[in-house]
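Some notes on the structure that comes next.
Derivation of every value follows stated rules applied to the coordinates shown; laboratory data play no part. Just so it is clear, the structure is predicted and the values come from calculations on it, not from any experiment. Reconstructed Cβ throughout: ideal geometry from the backbone, glycine too, with neighbour counts over all protein chains shown.
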């Protein structure tokens with residue numbers, strides 16, 4: 001099982017070191033991917049721009065949006081070009097995790113109908129597929145010859161159908177590893193119904209906050225980011241891994257559940273978290 005690490009692009013206090021230095025250190029430490037989390041109505045760094053900066057200072061590590069709220073990118077041709085550019089610049093390292101998202105304020109400020117987001121996403125996936133295949137002359141051509149890597153997020157029936165029709169697999173927005181076998185079964189059913197061969201790739205995420213002030217930092221930063229969820233924000237913060245045993249336990253459970261990759265997202269923008277996580281999983 002691969003283990004990736006999230007960039008702190010969605011955390012309060014993030015700055016250049018939390019993207020550029022973090023990316024360099026993550027690659028040197030041997031992590032499989034650098035992940036980003038997407039949001040509009042917040043003081044975070046935009047995901048694709050953050051990954052472009054990371055791409056410029058790395059050579060090997062994958063670049064993963066986990067997830068990007070695709071329907072907010074209303075100019076699909078431009079979005080396809082932006083993604084293809086990062087993929088081309090990085091030598092084919094981009095993996096787009098895409099989903100419709102669930103925050104009404106992001107849609108309101110973007111001028112997009114929140115209640116049509118699923119239909120918009122379906123049409124967008126059709127258009128992206130055609131554009132990356134060369135229709136419309138939108139380039140550059142993907143290094144793979146087809147498209148960037150693609151995962152679909154969400155737990156609805158439609159999400160699994162989209163993954164089977166368009167993508168390389170599915171990405172999980174968090175939760176206990178014990179849920180993954182049931183999810184895998186649903187995904188594999190859709191995979192077979194779509195006539196796909198091979199096994200779908202499954203990714204999931206976890207939060208971590210290591211060091212002496214781990215709990216305090218998690219409650220402050222994750223509590224603020226997820227404040228819109230009310231009391232559930234406290235559960236997210238409490239569930240973050242705050243010591244090496246917790247990190248290893250979660251990763252082991254994910255591997256046992258058949259996960260292909262876990263992206264460990266930080267609750268702190270301090271680049272020292274990269275070394276602390278690497279030490280935990282060594």
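Computed values, structure above
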read-out: Between segment 69-136 and segment 236-258, the alpha-carbon center distance in angstrom; value: 31 Å
read-out: Relative contact order, percent, segment 97-252 [alpha-carbon distance under 8 Å, six or more residues apart]; value: 16 percent
read-out: Calculated FRET value between residue 224 and residue 59, using beta carbons and R₀ = 41 Å, to 0.05; value: 0.75
read-out: Highest-fluctuation residue, 47, 144, 32 considered, GNM on the chain with Cα pairs under 10 Å; value: 144
read-out: Computed E for residue 275/residue 119 - FRET, C-beta separation, R0 30 angstrom, nearest 0.05; value: 0.10
read-out: Inter-probe distance in nm under a simple model that places probes 7 Å from Cα toward Cβ, at residue 1 and residue 24; value: 3.2 nm
read-out: Zone of residue 46's modelled label, taken as backbone nitrogen in segment 1-29 under 16 Å from a point 7 Å along Cα→Cβ; value: 9-10
read-out: Full-stretch length increase - residue 15, residue 129 - with 0.36 nm per residue and alpha-carbon distance subtracted; value: 37.6 nm
read-out: Over the chain, relative contact order from alpha-carbon pairs under 8 Å, at least 6 apart, %; value: 21 percent
read-out: The chain: angle of helix 272-281 to the longest principal axis, Cα-based, in degrees nearest 10; value: 90 degrees
read-out: Rg/Rh ratio calculated on Cα atoms of the chain (Kirkwood radius); value: 0.94
read-out: Chain lengthening between residue 78 and residue 194 when straightened (0.36 nm per residue, less Cα-Cα); value: 38.9 nm
